[in-house]
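The values are calculated or read from the model by the stated rules, or taken from the named source; none is laboratory data. Note that the structure is predicted; figures quoted are calculated from it, not measured. Methodologically, a virtual Cβ is constructed for each residue, glycine included, from the backbone with ideal geometry; neighbour enumeration extends over all protein chains shown.
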Amino acid sequence: MENMVINHWAVLTCAVFNLIWGAFWYSPVLFYKAWKTENNLTDDQIKSASPAKTYGVTFVLAYLISYNMAFFLGDAGTTFEWGLTAGFLTGFGWAAAIFTIIALFEQRSWKYILINGGYIVIYFTVIGGILGFWR
């Protein structure tokens, strides 16, 4: 444990990045319409959601995810390259894989899986890179 390095500012940045990346990924610029269609959501349903609850819980969970990743990458020898690799492997090999398994049993479409799985893989890859770089 004496070689553990966790930059708390980097962890906070990763949690904030979750909100920024999600706002972009699920925006009309990228996948908003397809995501909305795949979830059978209407504009009224989306507008009726509580932003404070949604973004508040999202931030807390993103902060937890970021600290978890920081502990996995906490070795003093961690580099940017290893952070990217570990982030990708975590996103693709664990998070998106289990998400896909669940979505298949829910009989969700491949479009739904690729939109959300893509978000997951890129998110974990980037935060791994941030945590690997910002020691």
Taking the range 68-87, which residues are surrounded by fewer than 18 Cβ atoms within 10 Å (Cβ to Cβ) and either touching a residue at least 40 places away in the same chain (Cβ under 8 Å) or farther than 25 Å from Leu114 by Cα (or both)?
Phe71, Phe72, Gly74, Asp75, Ala76, Gly77, Thr79, Phe80, Glu81, Trp82, Thr85
From (1) within 23 Å of Met4 (Cβ to Cβ); (2) in contact with a Phe, Trp or Tyr (Cβ under 8 Å, 6 or more places away or on another chain), pick out the condition that doesn't hold for Trp82.
(2)
Residue under question is Glu38, and the condition is that it be at pLDDT 95 or above and under 26 Å from Arg108 (Cβ atoms); does it hold?
yes
Does the range 51-62 include one or more residues that are under 16 Å from Gly91 (Cα atoms) and either in contact with a strand residue (DSSP E or B) (Cβ under 8 Å, 6 or more places away or on another chain) or surrounded by 12 or more Cβ atoms within 10 Å (Cβ to Cβ) (or both)?
yes
Could you please give the count of residues in the range 88-106 that are aromatic (Phe, Trp, Tyr) and surrounded by fewer than 12 Cβ atoms within 10 Å (Cβ to Cβ)?
1
Check the range 28-45 and report whether any residue there is without any contact (Cβ under 8 Å) to a residue 40 or more places away in the chain, small (Gly, Ala, Ser) and farther than 16 Å from Val126 by Cβ.
no
Please state which of the following conditions Lys53 fails to meet, knowing it meets all the rest: (1) of a type in the set (Lys, Arg); (2) more than 25 Å from His8 (Cβ to Cβ); (3) in contact (Cβ under 8 Å) with a residue 60 or more places away in the chain.
(3)
Quick one: which residue in Thr125, Thr85, Thr79 is within 16 Å of Trp21 (Cβ to Cβ) and among the polar types (S, T, N, Q)?
Thr125
Output the qualifying pairs, or none if there are none: Cβ atoms under 6 angstrom, residues six or more apart or on different chains, first residue in the range 116-130 and farther than 10 Å from Ala95 by Cβ and among the hydroxyl-bearing types (Ser, Thr, Tyr), second residue modelled with pLDDT of 95 or more and crowded, with 21+ Cβ neighbours inside 10 Å.
Thr125/Gly87; Thr125/Gly91
